[in-house]
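Report on one structure; see the data block that follows.
A short reminder: the numbers here are calculations on the coordinates, not readings from a lab. Keep in mind that this is a model prediction, so the values were computed, not measured. Quick reminder, even Gly has a Cβ in these numbers, built from the backbone with ideal geometry, and neighbours come from all protein chains shown.
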Amino acid sequence: MIDLWTIIEDSFEPKKQHHKETIFTIGNGYLCTRGAFEEGYPDDHRATFIHGVFDAAPIVFTELANAPDWLPITVYLNSERFSLDTGTIESFQRTLDLRTGLLKREVRWRSPSGTTATLTFERFASLADEHLLYIRCRVTPEFAGTVEFRAGLNGNMHNEGLVHFQWQGQGKQDDVIYLHNRTRKSGIEIGTAMQITNVVGREVIREDWDVQNAPTRMVRVEAVPGQTVGIDKRVAVFTSREFYSADVVTVAVHRAREAASWESALEVSKQAWAEEWDRTDVIIEGDNEAQIAIRFNLFQMLIAAPRHDDRVNIGAKTLSGFGYRGHAFWDTEIFMLPLFIYTAPHIAKNLLNYRYRNLPGARRKAQANGFEGAQFPWESADTGDEVTPTWVPHFAEPTKLVRIWTGDIEIHISADIAHAAYQYWQATGDDDWFIELGAELILDTAKFWASRAEWNAEKDRYEYNDVIGPDEYHEHVDNNAYTNRMAQWNLQTALEVLEWLKKHAPKKAKALMKQLDLNQKRLETWGEVIEKIYLHIAPNGLIEQFEGYYQRKDIDLATLEPRTKSAQEIFGIEGCNETQILKQPDVLMLLYVLRNDYLGEIVQVNYDYYMPRIDHTYGSSLGPSIMAIMACEVGKPDDAYEHFIRAVRADLRDVRGNAGDGIHAASAGGTWQSVVFGFGGLRVTSDGWTAKPRLPKHWKRLSFKFFHHGKMQEVDIKGK
Ligand code: BGC
């Protein structure tokens, strides 16, 4: 029987180590740790990222700081160091149990001098107590002598060269070893405490080595052929983000000391996982690859999702890599949030609260640009200020710099956030939240849109010029359809919301009208922008992506094959800008996001036009999951499957060659939408929900659950 819950790696390929470190990331919504080996490997990208632990960095403003490493365990077989880059790997297997979050590696290894043993390493981050981390190491020697374990904490970590954590102290309390560090600029304290328990085997010697910033406990046991020996290591981590006044070291030491044994901790963590999967799992029968892969993508979402903190968001690479520095984009609201809105509304609320809490940053951005209301940053971190780098090294010629415009002019994110707040409200019926927080997000972004609109008297219309839409192959365009229509939606919805508030929460309506200065004149302007915003829709329903799009060079993408590069790499940034090739589909995205407003024919005509112009394999990883849904919408579930499988494989198969930088979070979140809104055909409107299945031919069953107004719903579809 094939195990449909396990990711398996059967051989160790050093060239793929960064990719595999990403794949074997574990975590618990507080932190994630990449799948680097306990004993290390040359050029590994070992990293633990903790939500919200940002520190200043050149060019990118701020980045998640690579936290002190809790993994180190080096093993010595008769004084020879176990290491995969020496000796012989007789067998190797690594498995990630998605059901429980347990990562296991089993290696039979022969040292250069011929000493052989089977080593197993297991680790998990407790989902039941997010501050606790566990590793179990077992060694079955095929020799007599000793096995030595050196287990430590290592504060000498860096982000690709940049050191964020400074050493503050270390020591021992009773049997617990601790390390104390602090980020250089942001001043976040972190306490890491470790205890070694459950020593299996006859202990010969034990020593504590007080190496600065890398305290280590050594335990040497007797080796008898065939008799398994080992240690358990448990680690507690706390930062000053959780405990403003308490001493993080004291808390960490206490927790490490009091923590349950491996067995009990694993048991309660498994229970917590079972609860998560009960809500989140998607069952696909008739397609084992899709089944495992969708679970992998959901697992990656679940380990990155903050459960107890509403001051953080999920970065575009989750907490699994250095890519995008932990910054959050529209990826959260459009691609990841629907999963949480429908399966874990408490997590969706945390993510939306993060945006609410960061309204001051969005207001600062609007003001700095001469606008009103809330203009959310394209890239967001801890303060809610814009943190998109302005210049970055060119992808092909790193000595050249490229100007990044997204932070200046990719403005649609403000409407995406408003839309997400509205979705959450509609799906959950959480009026309290909406009245207290959500409504303000929609009203203040509307205020921004009205002030950003440009009146063109000659053409008698409002415009948004010089923007970037979701399709980033085209910069500095005028009247991008996605941006204009989403702005209109934001304004329209704001007016409706205000009416709703006046009726259902008059005090709040009054307070917000005063606070945001929503006077009659302003609301009239909103009405005018809604009415006169420019949208180019041909009589047959074809929407022009931006003004002048059809005049760009129309390239037949088939003529570029075979290729291994994106269209942007082939034509260059400016060259690609001059073509109609899309990094990801603006117009189809729009029809998807506002799917309750658009019906069949308009979808078909735009699908037919834009689909062949998308850089499917090498463009944005955000596209495929949405393309799958649109293919379903036009009655092509088998084409949809092509897109879907590309999306679920994005990281597992390293489709774009950059999975080593971290999980493509939007793609992962989008896969759930492909299945539920695409193949399952789920539609949720103010009247309730319907499901109109359109499964790929070979699927025998699709089943999923979701919450609607607080009640769990179940959809179970049989294939033909
Ligand atoms: C995409 C954006 C996305 C960002 C982060 C870019 O390559 O074009 O849409 O928000 O990556 O994932």
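What shape does region 308-392 have by the C-alpha gyration tensor, where a ≥ b ≥ c are the square roots of the eigenvalues, rounded means a/c under 1.5, and otherwise prolate means a/b greater than b/c and oblate the rest? The shape class here is oblate. Out of every Cα-Cα pair that the chain contains, those further apart than 39 angstrom amount to 36 percent.
Across all directions, the average projected area of the convex hull around the alpha carbons of region 294-443 is 9.7 nm². Counted over all Cα-Cα pairs of region 207-296, pairs farther apart than 24 Å make up 55 percent. Each residue of region 470-475 is assigned a 3J(HN,Hα), and the resulting list reads x, 7, 7, 6, 10, 10 Hz, derived from the Karplus form 6.51 cos²θ - 1.76 cosθ + 1.60 (θ = phi - 60°), x at Gly and Pro. Excluding same-chain neighbours fewer than eight residues apart, the aspartates and glutamates reachable from K583 by a Cα-Cα span under 12 Å are D471, E472, E475, E569, D615.
Over all other residues within a Cβ to Cβ distance under 14 Å of F49, the charged ones net out to -4, with Lys and Arg as +1 and Asp and Glu as -1. Pairs of C-alpha atoms in region 1-100 farther apart than 24 Å represent 34 percent of all such pairs.
Dipole check for region 113-210: with +1 at the C-beta of Lys and Arg, -1 at the C-beta of Asp and Glu, and the Cα centre as origin, the magnitude is about 200 Debye. On a per residue basis, the convex hull of the C-alpha atoms belonging to region 478-526 measures out at 78 Å³.
Here's how it looks for Q166: its modeled amide H is under 5 Å from those of R182, T183, R184, which are all 5 or more places away or on a different chain.
Please go through the residue pairs K447/K521; K636/K700; K349/K636; K447/K510; K233/K317; K447/K507 and name each one whose alpha carbons sit more than 23 Å apart in this structure. As for pairs spanning more than 23 Å Cα to Cα, those are K349/K636; K233/K317. Computed as a quarter of the hull surface, the mean projected area of the alpha carbon convex hull for region 599-720 stands at 8.5 nm².
A compact globular protein would have a Cα radius of gyration near 2.2 N^0.38 Å; the ratio found for region 392-500 is 1.29. Summing charges over neighbours of T95, with a neighbour being any other residue whose Cβ is under 10 Å away from its Cβ, gives -3 when K and R count +1 and D and E count -1. Summing charges over all other residues whose Cβ lies under 14 Å from the Cβ of Q173, with Lys and Arg as +1 and Asp and Glu as -1, gives -2.
The relative contact order of region 277-412, computed from alpha carbon pairs under 8 Å that lie at least 6 residues apart in sequence, is 16 percent.
Less than 5 angstrom separates the built amide H of L582 from those of I614, D615, all sequence-distant by 5 or more or on a different chain. For the peptides 559-566, 673-680, the ranking by packing is 673-680, 559-566, with the highest mean count of neighbouring Cβ atoms within 10 Å listed first. Note: relative contact order over the chain, using C-alpha pairs below 8 Å and six or more positions apart, is 12 percent. Using R0 = 51 Å, the C-beta based FRET efficiency linking T88 and K521 works out to 0.05. Rounded to the nearest whole Hz, the Karplus-based 3J(HN,Hα) values (6.51 cos²θ - 1.76 cosθ + 1.60, θ = phi - 60°) of region 421-436 follow the sequence 4, 5, 4, 4, 5, 4, 7, 9, x, 7, 4, 4, 4, 5, 5, 5, with x at glycine and proline.
Over all Cα atoms in region 454-546, the spread is summed up by Rg and Dmax: 15.9, 46 Å.
Structural descriptor for region 604-686: relative contact order 33 percent, calculated from alpha carbon pairs under 8 angstrom and at least 6 residues apart. Backbone phi angles across region 553-563, fed through the Karplus curve with coefficients 6.51, -1.76 and 1.60 (θ = phi - 60°), yield HN-Hα couplings of 4, 9, 9, 7, 4, 4, 6, 8, 7, x, 8 Hz in residue order; Gly and Pro are listed as x. Basic side chains Lys and Arg get +1 at the Cβ, acidic Asp and Glu get -1 at the Cβ, and with that the dipole of the chain about its Cα centre reaches some 1000 debye.
Using the Stokes-Einstein relation with a Kirkwood hydrodynamic radius computed over Cα pairs, the translational diffusion coefficient of region 73-137 at 25 °C and a viscosity of 0.890 mPa s comes to 188 µm²/s. Once backbone amide H atoms are built at 1.01 Å from N, V204 has R220, V221, E222 as its partners under 5 Å, excluding neighbours fewer than 5 places away on the same chain. Normalised size of region 245-379, defined as Cα radius of gyration per 2.2 N^0.38 Å with N residues, equals 1.32. Exposure proxy ranking for T406, T332, based on other Cβ atoms within 10 angstrom of each Cβ and starting from the fewest, stands as T406, T332.
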